[in-house]
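Peer 1: This is the structure, below, for whatever I ask next.
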Amino acid sequence: MRRIMLTVAYDGTNYCGWQLQPNGITVEAVLNRELSKLLKEEIRVQGASRTDSGVHALGNLCVFDTNTRIPAEKICYAVNQSLPADIVVQKSEEVPDGYHPRKCESVKTYEYTIYNRKLPNPVFRLYSYFFYTPLDVTAMQEGAAFLVGEHDFKSFCSAGSQVESTVRTILDLTVREDGPLIKIRVCGTGFLYNMVRIIAGTLIRVGSGYWKPEMVGEILEKKDRTVAGPKAPAEGLCLMEIKLKNPPNP
């Protein structure tokens, strides 16, 4: 038995997230189906990050066990022949037995994209959140600075999340303008349920002038989800990368 790790990119528009769901197609389900067909055995992948419905990824990770003799580095090419165009395995590699990226120290990078113009553009509709009110990027940057470091992010976690602690560490949080696009990039060692989308919704309120930048710090201190901004729509969010601090050596 061998353990294989995949780096997977996908357009989440047509999927009910990563994780298996009883009433909807998911990225995990498609990978299980196509890998099982290819390797002629039942395959069940285990993901490192469970993205929500409509959320995209450029570098999610998953592992699975197999008896195949196909060289690990060739599996990505083989399975991509049958995967739909909106899911592509970027890399396949063999890792030690029992290895799981979710249990390893890592840095995850997410990017939230806003299309900020008076009228929408159909080219960006699936990969950004259209927001017609002009946003003050400088104010958003000032607000974002309050969130960098180790904090209790209870205000930025959706209700219903079952975690022992809401303390997380954001290593870097930037807001930059790229033409009509405003990109909020967040790097951290771990995230709460909907945390990045709530951060984006909060910074949008700051950028629109509804709140002053220092309000972000006050929201953080209150540890109350009801005082933070709304959860920004899923289409603007992309999991860019999961960087493992100790990459596997099979």
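The values are calculated or read from the model by the stated rules, or taken from the named source; none is laboratory data. For clarity, every value in this text was computed on a predicted model and none was experimentally measured. Methodologically, a virtual Cβ is constructed for each residue, glycine included, from the backbone with ideal geometry; neighbour enumeration extends over all protein chains shown.
Peer 1: Among VAL206, VAL175, VAL196, which is under 20 Å from GLU150 (Cβ atoms) and either of a type in the set (Val, Ile, Thr) or more than 20 Å from the chain's Cα centre (by Cα) (or both)?
Peer 2: Every option except VAL196 fails the conditions.
Peer 1: Looking at SER165, SER128, SER106, which one is within 19 Å of PRO230 (Cα to Cα) and small (Gly, Ala, Ser)?
Peer 2: Of the residues listed, the single one that is within 19 Å of PRO230 (Cα to Cα) and small (Gly, Ala, Ser) is SER128.
Peer 1: Which numbered condition in (1) under 26 Å from ASP178 (Cα atoms); (2) in a loop (DSSP other than H, G, I, E, B) is the only one that TYR99 fails?
Peer 2: Just one mismatch for TYR99, condition (1).
Residues are listed down the side, and each one gets a yes or a no for (1) touching a Lys or Arg at 6+ places or on another chain (Cβ under 8 Å); (2) closer than 16 Å to LEU135 by Cα; (3) at pLDDT below 95:
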site	(1), (2), (3)
LEU171	no, no, no
VAL175	yes, yes, no
LEU181	no, yes, no
CYS187	yes, no, no
MET195	yes, no, no
GLY201	yes, yes, no
GLY207	no, yes, no
LYS212	no, yes, no
GLU221	no, no, no
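Peer 1: Restricting the first residue to segment 204-233 and requiring it to be at positive phi, which pairs with a second residue that is basic (Lys, Arg) meet a Cβ separation below 9 Å and a spacing of at least six or different chains?
Peer 2: Final answer for the pair search is LYS223/LYS154.
Peer 1: Sticking with this structure for a sec: Does TYR10 satisfy the criteria of being among the hydroxyl-bearing types (Ser, Thr, Tyr), within 26 Å of VAL107 (Cβ to Cβ) and in contact with a strand residue (DSSP E or B) (Cβ under 6 Å, 6 or more places away or on another chain)?
Peer 2: The answer is yes for TYR10.
Peer 1: Of all residues in segment 197-222, which are under 21 Å from GLU177 (Cα atoms), basic (Lys, Arg) and assigned to a helix (DSSP H, G or I)?
Peer 2: ARG197, ARG205
Peer 1: Between a first residue in segment 129-158 that is in contact (Cβ under 8 Å) with a residue 40 or more places away in the chain and within 20 Å of LYS118 (Cα to Cα) and a second residue that is outside any helix (DSSP H, G or I) and aromatic (Phe, Trp, Tyr), which pairs have beta carbons less than 8 Å apart while being 6 or more apart in sequence or on different chains?
Peer 2: TYR129/TYR112; TYR129/TYR115; PHE131/TYR115
Peer 1: Can you go through PHE124, PHE153 and tell me which one is under 20 Å from LEU239 (Cβ atoms) and surrounded by 20 or more Cβ atoms within 10 Å (Cβ to Cβ)?
Peer 2: PHE153
Peer 1: Taking segment 223-247 as the search range and keeping residues that are of a type in the set (Lys, Arg) and outside any loop (DSSP other than H, G, I, E, B), which one is surrounded by the fewest Cβ atoms within 10 Å (Cβ to Cβ)?
Peer 2: Among residues in segment 223-247 that are of a type in the set (Lys, Arg) and outside any loop (DSSP other than H, G, I, E, B), the one surrounded by the fewest Cβ atoms within 10 Å (Cβ to Cβ) is LYS243.
Peer 1: Another question, then. Name the single residue that is farthest from LEU61 (Cα to Cα) among those in segment 107-121 being surrounded by fewer than 20 Cβ atoms within 10 Å (Cβ to Cβ) and among the aliphatic types (A, V, I, L, M).
Peer 2: Among those residues, the one meeting the criterion is LEU119.
Peer 1: Something else: Determine whether segment 152-167 contains at least one residue that is in a helix (DSSP H, G or I), hydroxyl-bearing (Ser, Thr, Tyr) and at pLDDT 95 or above.
Peer 2: Keep residues of segment 152-167 that are in a helix (DSSP H, G or I), which gives 154-156.
If we keep only those that are hydroxyl-bearing (Ser, Thr, Tyr) too, we end up with 155.
Now drop any that are not at pLDDT 95 or above, which leaves 155.
The answer is yes, given that some residue of segment 152-167 is in a helix (DSSP H, G or I), hydroxyl-bearing (Ser, Thr, Tyr) and at pLDDT 95 or above.
Peer 1: A further question on this structure: Which residue is farthest from ALA232 (Cα to Cα), if the candidates are limited to segment 53-80 and must be touching a residue at least 60 places away in the same chain (Cβ under 8 Å) and among the hydroxyl-bearing types (Ser, Thr, Tyr)?
Peer 2: Applying the filter and picking the extreme gives THR68.
Peer 1: For segment 102-112, state whether one or more residues are at pLDDT below 95 and touching a strand residue (DSSP E or B) at 6+ places or on another chain (Cβ under 6 Å).
Peer 2: There is at least one residue in segment 102-112 that is at pLDDT below 95 and touching a strand residue (DSSP E or B) at 6+ places or on another chain (Cβ under 6 Å).
Peer 1: Within segment 29-59, which residues are closer than 19 Å to GLU241 by Cβ, of a type outside the set (Ser, Thr, Tyr) and in contact with a Gly (Cβ under 8 Å, 6 or more places away or on another chain)?
Peer 2: Result: ARG50, ASP52, VAL55, HIS56, ALA57.
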